[in-house]
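Undergrad: Dropping the structure in here first, questions after.
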Amino acid sequence: MLRVDGLDVAYGDLQVLWGLCLEVKPGSTVALVGPNGAGKTTTLMTIAGLMRPRQGQIHFSGTRIDTAPAHQIVNLGLSLVPEWKGVFTGLTVRENLGLGAYPPKARAQRERTLTEVLQIFPILEQRQHQPARTLSGGERQMLGIGRALMARPQLLILDEPSLGLAPLVVEHIFEVLGNINGQGVSILLVEQNIRLALEMSDHAYVLENGRIVDQGPGERLLADDRVREAYLGV
């Protein structure tokens, strides 16, 4: 579904990614883990069309997208939930969700998708007429995911979905992500809680200093001594 080949990305003269390669197969969950500053968010932004690579190619569902504008990438079926959760605080919950149904094919199914999203996140139905600024951190994360789902994506990309949330809320968010994946939506995940990320992933990549240094099934990396020592404190 997604293939990234030989990606080099820089901010001006500062290169952040070197020859990055990864893939996401249909129906799978893939994690990208590593320390702060490794280039994880840059990777997601480049895939989503918010940055341009110096070198390399990105293909999504057979279409090359590394030169495409972000709105065309969304139209193809790829949605990003950024670290800031994708919430417009001055708009109501319902208005935020409505903005997610931007692609023409999603617009045609807007009401049906809205009903589905509110079933996934009942708290959003209760809050739908409130300004998004009145939501808690966990509710904003649910709204960000819900907004992305309104586009009816084939691939959902999430940047740090558990950041700043209470453990019980994190558990709920990851349970929801598992259910979404079970319905056939592929997931690419950057997550600070590496144990959770590896536990739910079919495949994972370890990114350090802009380069992939290890990859494999999530359960294998979870048992790897180097990964356990570096990221799990074991």
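The values are calculated or read from the model by the stated rules, or taken from the named source; none is laboratory data. Just so you know, these numbers come straight off a predicted model, no measurement behind them. Cβ coordinates were reconstructed from backbone atoms using ideal geometry, including for glycine residues, and neighbour counts include every protein chain displayed.
Undergrad: Residues of the range 53-66 being farther than 15 Å from residue 2 by Cα and either touching a Phe, Trp or Tyr at 6+ places or on another chain (Cβ under 8 Å) or not charged (D, E, K, R) (or both), which ones?
TA: Step one: list which residues in the range 53-66 are farther than 15 Å from residue 2 by Cα, which gives 53-55.
Of everything in the range 53-66, those that are farther than 15 Å from residue 2 by Cα and either touching a Phe, Trp or Tyr at 6+ places or on another chain (Cβ under 8 Å) or not charged (D, E, K, R) (or both) turn out to be 53, 55.
Undergrad: Which one is nearest to residue 71 (Cα to Cα), of the residues in the range 1-49 that are touching a helix residue (DSSP H, G or I) at 6+ places or on another chain (Cβ under 6 Å) and among the β-branched types (Val, Ile, Thr)?
TA: The residue in question is 9.
Undergrad: Moving on to the next point. Could you say which residue among 227, 176 is more than 29 Å from residue 10 (Cβ to Cβ) and β-branched (Val, Ile, Thr)?
TA: Among 227, 176, only 176 is more than 29 Å from residue 10 (Cβ to Cβ) and β-branched (Val, Ile, Thr).
Let's see how each residue does on (1) assigned to a helix (DSSP H, G or I); (2) within 19 Å of residue 80 (Cβ to Cβ); (3) β-branched (Val, Ile, Thr):
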site	(1), (2), (3)
113	yes, yes, yes
116	yes, no, no
126	yes, no, no
133	yes, no, no
139	yes, no, no
143	yes, yes, no
146	yes, yes, no
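Undergrad: Out of 222, 156, 163, which single residue is out of contact with any Ser or Thr (no Cβ under 6 Å at 6 or more places or on another chain) and crowded, with 17+ Cβ neighbours inside 10 Å?
TA: Just a single option satisfies the conditions, and that option is 222.
Undergrad: Pairs only if they're at least six apart or on different chains, beta carbon under 7 angstrom, first in the range 166-185 and more than 14 Å from residue 146 (Cα to Cα), second in a helix (DSSP H, G or I); list them, first residue then second.
TA: 166/138; 169/138; 178/200
Undergrad: When you check residue 180 against the structure, is it under 20 Å from residue 81 (Cα atoms), surrounded by 22 or more Cβ atoms within 10 Å (Cβ to Cβ), at pLDDT 95 or above and β-branched (Val, Ile, Thr), yes or no?
TA: Numbers: under 20 Å from residue 81 (Cα atoms): yes; surrounded by 22 or more Cβ atoms within 10 Å (Cβ to Cβ): no; at pLDDT 95 or above: yes; β-branched (Val, Ile, Thr): yes.
Considered against the rule, which asks whether it is under 20 Å from residue 81 (Cα atoms), surrounded by 22 or more Cβ atoms within 10 Å (Cβ to Cβ), at pLDDT 95 or above and β-branched (Val, Ile, Thr), residue 180 comes out as no.
Undergrad: Find the residue count for the range 98-109, including only residues that are over 23 Å from residue 135 (Cα atoms) and either assigned to a helix (DSSP H, G or I) or aliphatic (A, V, I, L, M) (or both).
TA: Number satisfying all stated conditions: 5.
Undergrad: What residue, among those in the range 101-140 that are in contact with a Lys or Arg (Cβ under 7 Å, 6 or more places away or on another chain) and over 27 Å from residue 76 (Cα atoms), is surrounded by the fewest Cβ atoms within 10 Å (Cβ to Cβ)?
TA: The qualifying residue surrounded by the fewest Cβ atoms within 10 Å (Cβ to Cβ) is 129.
Undergrad: Further, regarding this structure: If I filter the range 1-13 down to residues being of a type outside the set (D, E, K, R) and assigned to a strand (DSSP E or B), which single residue comes out as surrounded by the fewest Cβ atoms within 10 Å (Cβ to Cβ)?
TA: Out of the qualifying residues, it is 11.
Undergrad: All but one of (1) over 21 Å from residue 181 (Cβ atoms); (2) within 19 Å of the chain's Cα centre (by Cα); (3) surrounded by 14 or more Cβ atoms within 10 Å (Cβ to Cβ) hold for residue 84; state the number of the condition that does not hold.
TA: (3)
Undergrad: Does residue 95 satisfy being within 23 Å of residue 123 (Cβ to Cβ), within 17 Å of the chain's Cα centre (by Cα) and not in a strand (DSSP E or B)?
TA: no
Undergrad: Specify the residue that is surrounded by the most Cβ atoms within 10 Å (Cβ to Cβ); the eligible residues are those in the range 183-198 that are over 27 Å from residue 76 (Cβ atoms) and modelled with pLDDT under 95.
TA: That would be 194.
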